[in-house]
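The values are calculated or read from the model by the stated rules, or taken from the named source; none is laboratory data. Only a predicted model underlies this, so the values are computations on that prediction, with no experimental measurement involved. Reconstructed Cβ throughout: ideal geometry from the backbone, glycine too, with neighbour counts over all protein chains shown. In case anyone asks, the SASA skips ligands and DNA or RNA and just uses the protein heavy atoms, side chains included. Shrake-Rupley method; radii C 1.70, N 1.55, O 1.52, S 1.80 Å.
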Amino acid sequence: RMKERDLKNPEEYVAFAGNSEEERQLFGKALLVSYSEFFRNPFTFAVLGRVIIPDLIFRTRQQKGREIRIWSTASSIGQEAYSLAILLKDTLKLNGNGLNFRIFSTDINEKVLILARQGIYPSSMLGQAPLRYIERYFQKERGNYGVVQEISDHVEFTAFDLLDTNHYCTPSCIYGFFDIV
């Protein structure tokens, strides 16, 4: 934003922004990065799939009637939330079904949430997704890939501002307990 306004140092920019509501709005929008990717960090998803989720499944089975609850924040167009749902579904298939899980996915931007709810992506956005997951959990639709219903049924997309000091989680998560955030 400093470069855009041809300002030389942060102090100049702070003074400028302090006197311009428009600039403060533009600065805030510049901070909102709507970027996501399926299985974006392969190491993180490997640890989740091989260590954390199997342990979570084991511990949840000890508590009869409980479901696994995950909150995926700043979800953009949904790839992280769907990646988590795919990983959980696949791990549950290997360890015997019988548990329910829900992923509450939030973002401040309602426009990206509309796209996330549709769950349809061009093949270029599936780059990190393992081929076995693409074959099992996506349907090819006119050159794009749609998340299958057995995955999308577990994910709920809601607008939520993480900086909202009046709420600690999205109202749709009425219990507020999460196994993973």
*From the phi of every residue in the stretch 97-114, what ³J(HN,Hα) in whole Hz does the Karplus formula 6.51 cos²θ - 1.76 cosθ + 1.60 yield, where θ is phi - 60° and glycine or proline is x?*
5, x, 10, 9, 9, 9, 10, 9, 10, 10, 7, 6, 9, 5, 5, 6, 5, 4
_Need one value: the accessible area of Val14 in square angstrom, 1.4 angstrom probe, rounded to the nearest 10._
100
_Note, ³J(HN,Hα) from phi for the stretch 4-11, Karplus 6.51, -1.76, 1.60, rounded to Hz, x at Gly and Pro_ = 4, 9, 6, 9, 8, 8, x, 5
_Cα gyration tensor shape for the stretch 49-181, rounded if a/c is under 1.5, else prolate or oblate_ = oblate
*Would you please give the FRET efficiency between Asn166 and Gln25, computed as 1/(1 + (r/R0)^6) with r the Cβ-Cβ distance and R0 = 30 Å, to the nearest 0.05?*
0.90
_Shape category assigned to the stretch 37-119 from the gyration tensor of Cα positions, a/c cut at 1.5_ = prolate
_Using a Cα-Cα cut-off of under 24 Å, which lysines could be cross-linked to Lys3, ignoring same-chain neighbours fewer than 8 residues away?_
Lys29
_Under the rule of at least 5 residues apart or a separate chain, name every residue whose amide H is placed under 5 Å from the amide H of Val155._
Ile103
_Phi-based couplings in Hz for the stretch 77-90 (Karplus 6.51, -1.76, 1.60; Gly and Pro marked x)_ = 8, x, 4, 5, 4, 5, 4, 5, 5, 4, 4, 5, 4, 5
_Keeping every protein chain present and rolling a 1.4 Å probe, give me the accessible area per residue for the stretch 1-146 in Å²._
60
*Each label point is 7 Å from the Cα along the Cα-to-Cβ direction; what then is the distance between the points at Ser124 and Ile108, in nm?*
2.7
*Where a label projected 7 Å from the Cα of Glu135 along Cα→Cβ would reach, residues of the stretch 69-113 with amide N under 13 Å*: none
*asked:* If packing is taken as the average count of other Cβ atoms within 10 Å, what order do 105-111, 144-150, 17-23 fall into, highest mean first?
replied: 105-111, 144-150, 17-23
